[in-house]
Amino acid sequence: MCCCFNTLQASVLVICHSFINWGISIVGFILAGYSIFASLTDKDLQLHLANNNEEVTGLNYLKYSHCLFIKILFDLLILIFIAFIIKTTLDKEVLIHFINLCSIEINSITILLSTLKAYLYSSFVLILLLCKSFIYNIYHIIMISIIWHGEQDENKKNEP
């Protein structure tokens, strides 16, 4: 086996390992944030959100906001699963057995490993964007809650 091939394979395995650990940590962060959102949002606000529909999807706003959180979590879990599959597939015995079985050239495998490395790095960026989206969703729900409470206080003042 080529030294470049072994180095590239080890590099991809290290990236996969880091990706899985980092992704699982972020899943914990997202689950904690989602549970706080779901339990601390005012019940009257949740009822109001459930009675009004979002224009694009037709879902009520409560279901829409929950689906946004779940989508981020689901996307992240898919990325972690793909990294796990790559890591288990690139185990030395499995990859060498596959190369010998299929009579694949090392150059083709090197190109595949380079592509996987680029995919993993771009997935790191995607995870950062998912975290940004999650944080924005939390911010948006907090702003809706503040506006809701402001309107409720205003309505109480205007009552005779």
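Scanning region 8-42 for residues that are free of Cβ contacts under 8 Å to residues at least 24 places away in the same chain and over 24 Å from Ile135 (Cβ atoms) returns Ala10, Val14. If you check Leu112, Leu120, Leu130 for being over 21 Å from Ile72 (Cβ atoms) and surrounded by 15 or more Cβ atoms within 10 Å (Cβ to Cβ), only one passes: Leu112. Against the list (1) farther than 26 Å from Val14 by Cβ; (2) out of contact with any Phe, Trp or Tyr (no Cβ under 6 Å at 6 or more places or on another chain), the condition Asn52 fails is (2).
One residue stands out among those in region 25-62 that are surrounded by 13 or more Cβ atoms within 10 Å (Cβ to Cβ) and among the β-branched types (Val, Ile, Thr): the one that is farthest from the chain's Cα centre (by Cα), which is Thr41.
Filtered by the rule that a residue be free of Cβ contacts under 8 Å to residues at least 60 places away in the same chain and closer than 17 Å to Gly33 by Cβ, region 65-81 gives His66, Cys67, Ile70, Lys71, Leu73, Phe74, Asp75, Leu76, Leu77. The condition of being among the aliphatic types (A, V, I, L, M), modelled with pLDDT under 80 and either within 15 Å of the chain's Cα centre (by Cα) or farther than 29 Å from Ile147 by Cβ (or both) holds for only one of Leu79, Leu101, that being Leu101. Sub-9 Å Cβ pairs linking a first residue in region 126-137 that is part of a helix (DSSP H, G or I) to a second residue that is hydroxyl-bearing (Ser, Thr, Tyr), at least 6 apart or interchain, are Phe134/Tyr34; Asn137/Ser65, ordered by first then second residue. Within region 38-63, the residues that satisfy the criterion of being within 19 Å of Ile146 (Cβ to Cβ) and either in contact with a Ser or Thr (Cβ under 8 Å, 6 or more places away or on another chain) or in a loop (DSSP other than H, G, I, E, B) (or both) are Thr41, Asp42, Leu45, Leu49, Asn52. Taken across region 63-75, residues that are under 30 Å from Thr110 (Cβ atoms) and either in contact with a Leu (Cβ under 8 Å, 6 or more places away or on another chain) or loosely packed, with under 13 Cβ neighbours inside 10 Å (or both) do occur, with at least one present.
Filtering region 92-118 to residues that are within 20 Å of Asn21 (Cα to Cα) and touching a residue at least 24 places away in the same chain (Cβ under 8 Å) leaves Leu116, Lys117.
The values are calculated or read from the model by the stated rules, or taken from the named source; none is laboratory data. This one's a predicted model, so the numbers in the text were calculated from it and none came from an experiment. All Cβ positions, glycine included, derive from the backbone under ideal geometry; neighbour counts span all protein chains shown.
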